[in-house]
Amino acid sequence: MNNRANAIWAIIFVVAAIFLGWRIATGNFGRVYVKSQQVTVNADDGSVAASWETHTKVPPRDHQEEGVSLSIPRTIGLWAGAILTLCIFSFLYGDNPFYKTAESIVVGASAAYLMVIGFWTQIIPNLIGNIVPDWTRTWATPGLDPEAKADYVYLLPLMLSIMLLWRLAPVGGWISRWPLAFFIGATAGFRLIGFMEADFVAQIRATIIPIWVKDAAGGVDIWASIGALTMIVGVISCLIYFFFSLEHKGVVGKTARLGIWFLMVTFGAGFGYTVMGRIALLSQRLEFLFYEWLWLDSPTADAVSGTASLIMPALGG
Amino acid sequence: MKRTAPLLIAATVGFIIIVSTFIPYTESWGEDSMIWFDILAAVAFVLGGGNLLKMNLKKVSERRPGWAYSAIIIAAFLITLTVGLLKVGTHPNEVFWNKPWSGDYIGEGSALWWIYEYLIYPLTSTMFAMLAFYIASAAFRAFRAKNMEASLLLGTAFIVLLGRTYAAIILTGWLPELAHDAEPSFFGQLWNGLRLEKLTETIMGVFNLAGSRAINIGIALGIASTSLKVLLGIDRSYLGTGED
C-alpha cells in the first residue's frame, strides 16, 4: 500500500476515533432497554405452579416507562456486535489480526450453531424420538404424540450415523462410505425428481403459456403478448446456444448469437441485482452502527438525556 | 464389500425415492427416506464440528503459525455448543412448564439466541455487505463496452441499478405515466415503458427471465443426467480412490 493510501486510512481512523471519543464523552449511546413481563402458570387448583420473567426489547425513548430497565447482557451484546462489525470492516484496509479474530469467532460459533440446530430439530425428535419415544417425551419433547410407539426401523439411521462418525477414527475410513452412499443416492433421487418437475417441465410450461395475453376487456394485450413471444424466442435461442451437438453456423449460429445476447442481459441484470442486494446489506450494517449503537437518529437520541441537544449545536444546528 | 455395498445402497435409495413419486403405495417410503436423509445431514454437522475441533486442536498443540486463531475457533465452538445443547437461559414451555428441557433452545433471551443475534448475524451479514465494495471495484476495473455482448451486459446492469433507486424517478420521471382511468394507447404504453423503473421491470420480467429459464432448463437436464449416472453406478467418484 502506498503512502497516499496509508495517509487516507490514517485520517479515516483518526476522525473515527475522535468522533467515538466525543460520543463517549457527551452522549448516551450503546444501551439496550427491555420491558419485563411476568409469565405465570397456574396449577389445577388455581395456585401458582411456576413463574418466570420474559424480556422484550424496547426503543431507548421508552426507557422511563414502567417495567423498562437496562439490559446488561443485551448491552454487552450490542457492543460486541458493533466492535466485531468494525473488525470485519477493517479487512477493507487489508488482512489484519482484528479481522482474523472476528473471522475465527464466526467460524467456531457458526459450526456449533448448526450442530445445535441439527441436534434439537432432527436427532432428538426424529431419531431418538422414534426409537425411544416414551423416554424422549419425559424430558425433551413432551409434545410428542402420546400414542407414538417405538419404531425400531430407525435403528438403521442410527447405525448409519455411527458409521458416518467413524470417519473421525484413524482406521476404517471406508466404513463411512455406506452412509455417504445413502446420502448421495437420496440426493440424486430427490434432485432428479425435483429439478425435472420444477426446473424443466414447469419452466417450459410457464414459458409457453400464455402466448397471447388477454387484457381485462378480453382483447389481446399487445405489449404483454410481445413480451411473451420475446420470452419464447429468448429461451429457445439460449437453449440452442447451449446445444453443442450442432455446429454454430448459419441459422443455428445466428440464433445462438441471439441467445448470447439474452444471456448477457441476464448476467447484467443479475449483476445489478447482486450489487443492489449487497448495498442494501451494507446500509443495514451502517444503520446498526449509526442508529442502534451510536444513536445518531434524533428519535432515539432524544430519548436519553437529550443527546440530540448536544449533537445539533456541534453541527451548527 | 467396500465398494459394491455403497453402490447398491445409493442405487436402492435413489430409485425408491423416484418410485415413491409415481406409485402412491410407496409414498411413505419416500417420506421416510427424507427423514433419514435429514437425520444423516444433522449427523454430518456433528462430523463437521468434530473435524473442525480435531484440526484446530492439532494446530494449537503443535503451535503452528496462527494457532491463537485456532484457539479462538475452539473456544467459540465449545461455548456455543455447550450453551446450545444445555439450553442455557431458555424459558420453560408454557404448556409443559414442569419439564425443564421443554423450552425453545433459540427463544429470545436464551444464550444461543444472544450468540446468533449479537455475534453470528452481525459478522456474517457484514462479510456479505463487504462484497459490495469488491463487486463495485471489480466492475470498475473489468467492465468495458468493447463489443455488443459487453455493452449489453454493462447497459443492463446500469439500467437495473438505476431503476431500483430514486435516480430512476429523477432521470425519467418526466415521461408520461399511464392514467388508471383511461384505456392506454399503444404509444402511451411505449412511452411509459421507457421510464427506467418500468424498463427494469421489463428487463427482469422478460429478458432476464428468458435467460434464467434457459439456464434452469440446462441445469435440470444436467442434474438429471448426473443423478442417473450416480444411481446406475457409472459415476463412482464419491467412493474415493479405494486406498483405504
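Throughout, read-outs are computed from the coordinates displayed, never taken from laboratory work. Keep in mind the model is a prediction, meaning the values are calculated, not measured. FYI the Cβ positions are ideal-geometry reconstructions off the backbone, even for glycines, and counts take in every protein chain you see.
Details
- Taking the C-alpha atoms only, the angle from helix B:67-85 to the longest principal axis of chain B is near 80 degrees.
- For the range A:145-218, the alpha-carbon coordinates run over 71, 39, 15 Å along the three principal axes, in decreasing order.
- Remark: the range B:104-244 carries a charge dipole of roughly 700 debye about the Cα centre, counting +1 on each Lys and Arg Cβ and -1 on each Asp and Glu Cβ.
- The range A:2-68 and the range B:116-170 have Cα centres lying 32 Å from one another.
- Counting only residues at least eight positions apart within a chain, or on another chain, the lysines with an alpha carbon under 30 Å from that of A:Lys254 are B:Lys146, B:Lys198.
- Normalised contact order of the range A:83-185, rounded percent, pairs of Cα under 8 Å and 6 or more residues apart: 14 percent
- Rounded if a/c under 1.5, otherwise prolate or oblate - the range A:210-298, Cα gyration tensor axes: oblate
- Per-residue 3J(HN,Hα) values for the range A:197-206, derived from phi via the Karplus relation 6.51 cos²θ - 1.76 cosθ + 1.60 with θ = phi - 60°, read 6, 7, 9, 10, 4, 5, 5, 5, 4, 5 Hz in sequence order (x marks Gly and Pro).
- Distance between the modelled labels on A:Ala148 and B:Ile234, one decimal in nanometres: 4.2 nm (7 Å Cα→Cβ projection).
- Computed from Cα atoms, the angle from the helix B:27-61 axis to the main principal axis of chain B rounds to 80 degrees.
- log₁₀ of I(q)/I(0) at q = 0.20 Å⁻¹ - the range B:143-244, Debye sum with one point per alpha carbon: -1.06
- Once the Cβ-Cβ distance of B:Tyr166 and A:Phe290 is raised to the sixth power relative to R0 = 25 Å, the FRET efficiency obtained is 0.80.
- Shape metrics for the protein assembly as shown, restricted to C-alpha atoms - Rg then Dmax, Å: 29.4, 88
- Beyond 31 Å in Cα-Cα separation lie the following of the pairs A:Lys149/B:Lys99; A:Lys149/B:Lys229; A:Lys57/B:Lys54; A:Lys35/B:Lys99: A:Lys149/B:Lys229; A:Lys57/B:Lys54.
- Taking the Cα centre of the range A:210-298 as reference, the dipole from Cβ charges on Lys and Arg (+1) and Asp and Glu (-1) amounts to some 500 debye.
- With all pairs of separate Cα atoms included, chain B yields a Kirkwood hydrodynamic radius of 25.3 Å.
- For the range A:83-219, projected area of the alpha-carbon convex hull averaged over all directions, nm²: 18.7 nm²
- Histogrammed with a bin width of 10 Å, the alpha carbon distances of the range B:47-123 distribute as 19, 36, 27, 14, 4, 0 percent, first bin at zero.
- Segment A:Gln64..A:Ile208, full-extension length gain: 45.7 nm, with 0.36 nm per residue of separation and the alpha-carbon distance subtracted.
- Separation in nanometres of the label points that stand 7 Å from Cα toward Cβ, at A:Ser36 and A:Ile18: 4.4 nm
- Sparse packing (at most 16 other Cβ atoms within 10 Å of the Cβ) combined with a DSSP loop state is found for the following chymotrypsin sites (Phe, Trp or Tyr not before Pro) in the range B:117-168: B:Phe143, B:Tyr166.
- Simple label model, 7 Å out from Cα along Cβ direction - B:Trp29 to B:Arg3, nm: 2.8 nm
- Using the Cβ-Cβ distance between B:Phe140 and B:Ser61 with R0 = 60 Å, the FRET efficiency computed as 1/(1 + (r/R0)^6) comes to roughly 0.85.
- Charges were assigned to the Cβ only: +1 to each Lys and Arg, -1 to each Asp and Glu. The resulting dipole of chain A about its Cα centre is roughly 1320 debye.
- A full extension of the chain between A:Thr56 and A:Asp297 corresponds to an added length of 84.6 nm, given 0.36 nm per residue minus the alpha carbon distance.
- Of the residues B:Val95, B:Gly240, A:Ser237, the one whose Cα sits farthest toward the positive end of the charge dipole of the protein assembly as shown, with +1 on the Cβ of Lys and Arg and -1 on the Cβ of Asp and Glu, is B:Gly240.
- With Cα atoms, 0 to 90° folded angle of helix B:208-231 axis to chain B main axis: 30 degrees
- Axial C-alpha extent at least 18 Å, average Kyte-Doolittle at least -1.0 - helices from chain A (DSSP): A:3-26, A:72-89, A:97-118, A:177-195, A:222-242, A:250-287
- Under the criterion of Cα pairs below 8 Å and six or more residues apart, the relative contact order for chain B equals 15 percent.
- Estimated [θ] at 222 nm from DSSP helical runs (n ≥ 4, -39500 (n - 2.57)) normalised by residues in the protein assembly as shown, nearest 500: -20000 deg cm²/dmol
- Radius of gyration (Cα atoms) of the range A:1-151, expressed as a multiple of 2.2 N^0.38 Å: 1.65.
- DSSP loop trypsin sites (Lys or Arg not before Pro) with at most 13 other Cβ within 10 Å excluded, longest remaining stretch of chain A: A:1-148
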